Amino acid sequence: QKEVEQDPGPLSVPEGAIVSLNCTYSNSAFQYFMWYRQYSRKGPELLMYTYSSGNKEDGRFTAQVDKSSKYISLFIRDSQPSDSATYLCAMRDDKIIFGKGTRLHILP
Amino acid sequence: DTAVSQTPKYLVTQMGNDKSIKCEQNLGHDTMYWYKQDSKKFLKIMFSYNNKELIINETVPNRFSPKSPDKAHLNLHINSLELGDSAVYFCASRDGNTEAFFGQGTRLTVV
């Protein structure tokens with residue numbers, strides 16, 4: 001099993017919909033969980049980070065971590081065309097391990 | 001102000017050449033990384049340095065040699081470039097209180 005699993009998509013949803021992005025992982029030592037957003041031909045941009053289990057909300061974005069299930073989620077409310085990008089989950093112990101990224105398209 | 005800057009942004013070169021990519025961060029971070037992103041967008045760690053010391057060296061060919069002259073710089077030198085080295089290379093930095101900030105990437109094309 002890979003350390004971090006993420007469905008590559010693409011995922012297409014209409015504008016205004018709630019988007020749910022997910023990752024699973026195998027290493028129970030991970031304590032720090034991040035979501036990065038990457039636009040085409042740009043570097044990954046840190047969107048959200050969470051320590052251990054729980055929820056974190058920032059504007060239209062909510063990150064959830066369930067360590068018991070080794071499952072993390074990112075929810076985007078009221079999705080906008082500008083949210084169209086690749087979303088990468090990442091986890092850290094002594095190094096940062098990334099998922100393969102999910103390509104998201106928000107349809108106007 | 002650019003937090004993590006890489007040069008060059010684009011690099012096209014022939015097989016067998018030697019090339020370098022430079023990275024500088026002005027965030028005062030202690031840890032810097034090199035990542036490789038392949039055509040399928042998978043970001044894979046190559047190296048990690050903490051205060052100029054190598055702490056992570058993933059399974060990377062010896063043709064790749066990182067150098068950190070000070071904690072604000074981490075350069076990547078690649079010898080005898082091969083077609084399979086074509087990718088986007090990202091530099092990143094972090095300290096104990098933050099998560100990683102990435103540069104804009106260097107798109108390397110080996111022809």
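The residues in segment A:6-30 that are within 12 Å of chain B (Cβ to nearest Cβ) and either more than 17 Å from A:Thr102 (Cβ to Cβ) or surrounded by fewer than 18 Cβ atoms within 10 Å (Cβ to Cβ) (or both) can be counted, and the count is 3. Counted as qualifying within chain A are the strands (runs of 3 or more DSSP E) with 3 or more residues that are of a type outside the set (A, V, I, L, M) and farther than 29 Å from B:Thr106 by Cβ, namely A:19-25, A:54-58, A:61-66, A:71-76.
When you go through B:Lys22, B:Lys40, B:Lys67, B:Lys44 one by one, which is the residue that is free of Cβ contacts under 8 Å to residues at least 12 places away in the same chain and in a strand (DSSP E or B)? Quick ask: steps written out before the conclusion?
Numbers: B:Lys22 fails: free of Cβ contacts under 8 Å to residues at least 12 places away in the same chain; B:Lys40 fails: in a strand (DSSP E or B); B:Lys44 fails: free of Cβ contacts under 8 Å to residues at least 12 places away in the same chain.
That would be B:Lys67, the only listed residue that is free of Cβ contacts under 8 Å to residues at least 12 places away in the same chain and in a strand (DSSP E or B).
Taking the listed residues B:Glu53, B:Glu58, B:Glu99, the one that is within 19 Å of A:Tyr36 (Cα to Cα) and of a type in the set (D, E, K, R) is B:Glu99, with no other qualifying. Taking the criterion of being in a strand (DSSP E or B) and more than 10 Å from every other protein chain (Cβ to nearest Cβ), the residues of segment B:25-37 that qualify are B:Gln25, B:Met32, B:Trp34, B:Lys36.
Every condition in (1) farther than 26 Å from B:Val88 by Cα; (2) surrounded by 12 or more Cβ atoms within 10 Å (Cβ to Cβ) holds for A:Glu3 except the one numbered (1). Taking segment A:55-71 as the range and being more than 14 Å from chain B (Cβ to nearest Cβ) and touching an Asp or Glu at 6+ places or on another chain (Cβ under 9 Å) as the test, only A:Arg60 passes.
Residue-wise test of (1) over 25 Å from B:Asp95 (Cα atoms); (2) surrounded by fewer than 18 Cβ atoms within 10 Å (Cβ to Cβ); (3) touching a Cys at 6+ places or on another chain (Cβ under 7 Å); (4) modelled with pLDDT of 95 or more.
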residue: B:Asp1; (1), (2), (3), (4): no, yes, no, no
residue: B:Lys9; (1), (2), (3), (4): no, yes, no, yes
residue: B:Gly16; (1), (2), (3), (4): yes, yes, no, yes
residue: B:Leu27; (1), (2), (3), (4): no, yes, no, no
residue: B:Asp30; (1), (2), (3), (4): no, yes, no, no
residue: B:Ser39; (1), (2), (3), (4): yes, yes, no, no
residue: B:Leu43; (1), (2), (3), (4): no, no, no, no
residue: B:Met46; (1), (2), (3), (4): no, no, no, no
residue: B:Asn51; (1), (2), (3), (4): no, yes, no, no
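Out of all the residues in segment B:73-100, which are touching a strand residue (DSSP E or B) at 6+ places or on another chain (Cβ under 7 Å), more than 11 Å from every other protein chain (Cβ to nearest Cβ) and not in a strand (DSSP E or B)? Don't jump to the end; show me each part of the working.
Pass one, segment B:73-100, residues touching a strand residue (DSSP E or B) at 6+ places or on another chain (Cβ under 7 Å): B:73-78, B:81-83, B:85-95, B:99-100.
Next cut, more than 11 Å from every other protein chain (Cβ to nearest Cβ) only: B:73-78, B:81-83, B:85-87, B:93, B:95.
Those that are touching a strand residue (DSSP E or B) at 6+ places or on another chain (Cβ under 7 Å), more than 11 Å from every other protein chain (Cβ to nearest Cβ) and not in a strand (DSSP E or B): B:Leu81, B:Glu82, B:Leu83, B:Asp85, B:Ser86, B:Asp95.
The values are calculated or read from the model by the stated rules, or taken from the named source; none is laboratory data. All values reported here derive from a predicted model rather than from experimental measurement. Note that we place each Cβ from the backbone using ideal geometry, even for glycine, and neighbour counts take in every protein chain shown.
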